[in-house]
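Worksheet for the structure shown next.
The values are calculated or read from the model by the stated rules, or taken from the named source; none is laboratory data. Source: prediction; values computed, not measured. Because the Cβ atoms are built from the backbone with ideal geometry, glycine has one as well, and the counts that use them run over all protein chains shown.
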Ligand code: BJW
């Protein structure tokens, strides 16, 4: 493979075979609550304890020794290690499986489970255990300002300037394991096309935006990615 400037976008599908359920596979429900009830600023304002429980449950999943990077994550880390052109991996996932696989040039656009955010100062803090209830924030000393560092609907995703800059320079854009339902990530393929990039979708099945991609490979990420990278 030659080494053009590359931007890779990943979604929940890349972590599915590691045992982390995708959003659409869970029918948008968690313990009978709609995802919108728990993963929105309004949901958090309405019932912060419920929302903390939801994210604590997902953090616990990351500490489960059975949950580990799969062959798809490892193939992308290997690709990056040998890549001589510009390389940027943008993930919508809030798990840490890409970094555990060895990816370095990585941006989490929808936040991270293992981080918390002060809603007062917008400072982000690493979080090693579950979110302590009633803890005062280290930056402002207030109780009740800390929240999961997750980009909820209606909020601005992280690193957008860097991502758009990379898309403008990009010659190859690859979208992996994402359904194409959620913007702005679902629009990256159009930005890459405008920059003249070759576009490739790798997914279990055609995504909502599949017709925008020049090349498609359908199958499980653990099979398709090692095959593509080889
Ligand atoms: C496999 C596989 C295997 C399975 N191998 N593949 C109307 C039009 C346009 C936009 C909007 C609109 N109304 C509102 C908006 C904006 C809104 C939005 O997009 N809404 C849509 C629902 C319509 N977006 C926002 O609010 C965003 N902010 C924003 O727009 O700010 C303004 C802005 C303006 C201009 C520039 C920039 C910004 C914020 C979005 C935040 C998303 N947050 C979430 C929840 C986080 C909470 C949490 O994690 O608990 O992030 S939503 C959820 O969806 C999560 C994901 O990152 C995201 C994407 O999901 P993903 O990864 O695609 O997962 P799935 O489950 O949908 O798909 C999995 C895929 O994998 C499937 O295709 C499977 O086939 C495949 N697969 N197994 C390979 N083994």
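Observations
- For the range 157-172, filtered to residues that are loosely packed, with under 15 Cβ neighbours inside 10 Å and within 11 Å of residue 185 (Cα to Cα), the residue that is farthest from the ligand (Cβ to nearest atom) is 164.
- Residues in the range 126-156 that are modelled with pLDDT of 85 or more, loosely packed, with under 14 Cβ neighbours inside 10 Å and in a strand (DSSP E or B): 126 alone.
- Counting residues in the range 108-123 that are assigned to a loop (DSSP other than H, G, I, E, B) and either modelled with pLDDT of 95 or more or buried (at least 21 other Cβ atoms within 10 Å of the Cβ) (or both) gives one or more.
- The range 194-211 residues that are in the same structural domain as residue 86 (by TED's automatic domain parsing) and more than 9 Å from the ligand (Cβ to nearest atom), paired with ones that are modelled with pLDDT under 95 and in a loop (DSSP other than H, G, I, E, B) (beta carbon under 9 Å, 6 or more apart): 197/4; 198/4
- Residue 5 satisfies every condition listed in (1) touching a residue at least 12 places away in the same chain (Cβ under 8 Å); (2) within 15 Å of the ligand (Cβ to nearest atom); (3) within 26 Å of residue 156 (Cα to Cα) except (2).
- So residue 79, is it part of a helix (DSSP H, G or I), touching a residue at least 60 places away in the same chain (Cβ under 8 Å) and surrounded by 14 or more Cβ atoms within 10 Å (Cβ to Cβ): yes
- Restricting the range 5-36 to residues that are under 14 Å from the mean Cα position of the chain (by Cα) and part of a loop (DSSP other than H, G, I, E, B), the residue that is modelled with the lowest pLDDT: 23
- Condition check for residue 41 on (1) within 24 Å of residue 117 (Cα to Cα); (2) at pLDDT below 90; (3) over 16 Å from the mean Cα position of the chain (by Cα); (4) within 12 Å of the ligand (Cβ to nearest atom): one failure, at (2).
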